[in-house]
1. Got a sec? Which of Phe497, Phe488 is crowded, with 16+ Cβ neighbours inside 10 Å and part of a helix (DSSP H, G or I)?
2. For region 412-463: of the residues being open to solvent by less than 20 Å² (accessible area, probe 1.4 Å) and part of a loop (DSSP other than H, G, I, E, B), which is nearest to Ala324 (Cα to Cα)?
3. For region 398-421, give me each residue that is aliphatic (A, V, I, L, M), over 19 Å from Ile364 (Cα atoms) and either in contact with a Phe, Trp or Tyr (Cβ under 6 Å, 6 or more places away or on another chain) or without any contact (Cβ under 8 Å) to a residue 60 or more places away in the chain (or both).
4. Among the residues of region 268-298, what is the count of those that are out of contact with any helix residue (DSSP H, G or I) (no Cβ under 7 Å at 6 or more places or on another chain), open to solvent by less than 20 Å² (accessible area, probe 1.4 Å) and not in a loop (DSSP other than H, G, I, E, B)?
5. Of all residues in region 212-247 being of a type in the set (S, T, N, Q) and surrounded by fewer than 17 Cβ atoms within 10 Å (Cβ to Cβ), which is nearest to Lys390 (Cα to Cα)?
6. Taking Ser104 as the residue in question, decide whether it is part of a helix (DSSP H, G or I) and under 14 Å from Cys222 (Cβ atoms).
7. List the pairs whose first member sits in region 248-265 and is open to solvent by 70 Å² or more (accessible area, probe 1.4 Å), whose second member is not in a helix (DSSP H, G or I), and whose Cβ atoms are under 6 Å apart, counting only residues at least 6 apart or on separate chains?
8. Tally up the residues in region 204-237 that are part of a helix (DSSP H, G or I) and either among the basic types (Lys, Arg) or more than 25 Å from the chain's Cα centre (by Cα) (or both), please.
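The values are calculated or read from the model by the stated rules, or taken from the named source; none is laboratory data. As the structure is a computational prediction, the values presented were derived from the model and not from experiment. We place every Cβ from the backbone using ideal geometry, glycine too, and count neighbours over all the protein chains shown. For the accessible areas, the whole protein counts, side chains as well, though only heavy atoms, and no ligand, DNA or RNA atoms are used. Shrake-Rupley method; radii C 1.70, N 1.55, O 1.52, S 1.80 Å.
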Amino acid sequence: MQRIIELKFIYIVQNKTSNVKTLTKNTFFLYFRMILVMLVSIYTSRVKLQYLGIENVGIYNVVGSLVMMFTFLNGSMTGATQRFLTFAIGKESSLQIKSVFSTSINMHLLIAGVIFLIGETIGLWGVNTQLVIPSERMYAANIVYQLSLLTCMLSVISVPFNSAIVAYEKMGIYAYVSVVNVLLSLGVIFTLPYITVDILAAYAGMLAGIQVLLQIFYMWYCKVKFEDIRYVRGWNVSLLKEMSGMIGWLTCGNFAFMLNNQGINILLNIFFGPVINAARSIAVQVQGAVKQFVSGFMMAMQPQLVKAYASEDLPYMHKLLYLASKVSFFLMLFLSLPVMIERHFILNLWLVEVPDYTEIFLFIILVQSLFEALSLPLIMSINATAKIKKFQIFESLFLLLAVPLCYISLKMDSSTPVIVYVICLAIESIALFVRIYLTLPKINLSFMVYFKDVIFRVFPVAILCFFICFVSSQFMSNGWFRFICIGFLSCFVVSFFTYFIGLDGNERKMVMTNVKDYVTKKIKR
């Protein structure tokens, strides 16, 4: 009996070690993919404008944006499909995996059909009568529209296949396909000078062809690699009802987020004009670049959280939640702290003319991102349970509350737009604690333990690091020397205080063990 217990313990330890290795590998693949796509996008955006011209780029973007409006449900359906597939894989139930996959295929085929009907009626009417497009370019615009609609429908149908790849944690395939995608996209850009037919139609056709080939590859990969990803005819009504419920509540949250974002934009435009919108746009762009580094880690973490819940291994799920919360927060702090301190230098180096209020917007929005970094693991944990009704109601109410509060504040005093960001930051900070209150009971986690292991570790580190870097910056003149010094100092203090305050004893021991193993392997080589 004792031998059986020992073997079981060894199996659990090995399994957890394997999960850590898988998480690390997947995070690396996703970071590689993100950095590659970012670099190529920066380059191609300039070259594309040079070859296509401003008018053609504008037509392509506005027609593509119209088609993207039809995929409003896509994000919610992707989230629900990934959750239910990952849950079924965690349960190790072949029958359940096939049932979830088949039900999601049926749902996405239905959505694709609806998109086709709307696209070929209302959408086509919008392109030809509502959009401002020169008459001589209308033929090319219609070709772009039809190709975009085809690509959109195919991307909807392929959601279950892409979700299966994420659920099985085969993130490397995304990196490899992204390499192919960006190389082919670059190839398209470089062929544009040699195009003899309509250059916009040819460009849209080649890009659509690439996307069709990639989506077909994903489908083929799933069929070859995952024996349980098989379509079975028929409808599982109870599962359909359960998935539809989650999709509905996720859509509610996504819709509230969209209204919050666009509502704040509109309010700023009404009270202060388009220059403030430009300042907000720049701040959001920088924030998005920083947040992408955190999203790569969280995408790799999500399947493990769901599988831990599915296998009813709640203690391990709790450890994953602590890890995800601290790593996402400290990674966000590591990247955003030098930007917060040196925002004036960075913005003036990057932009020819920095719009008013951009610096203060950027500072507040990066602080808000730290609260969001703690919230994301909680959102993933509650989604793993699929019991999200109450959570999404409160989430949506808090997101929607920002718009009327900002409007009232601006009506009372419209001398500065900063009050809008202060209100949004306050709501995000309160929302974090509401998410904690709603999530932890669902996964049987003590509030005291969570606060002790996460909250009381991350905020002291953030305050200490900011204080040290800010005070140090006051003794140096603005310029490259201060920028480099603050960059190195912020990296050091975040790493130092993360290790000695942010991590507990077991986590520090794990870090040291991994470092020693890495160094030993390098020496042996």
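1. Phe497 is the lone residue from the list that is crowded, with 16+ Cβ neighbours inside 10 Å and part of a helix (DSSP H, G or I).
2. Across region 412-463, the extreme among qualifying residues is Leu445.
3. The answer is Ile408, Met412.
4. Count: 0.
5. Ranking the qualifying residues of region 212-247, first place goes to Ser244.
6. yes
7. Trp249/Ile388
8. Number of matching residues: 9.
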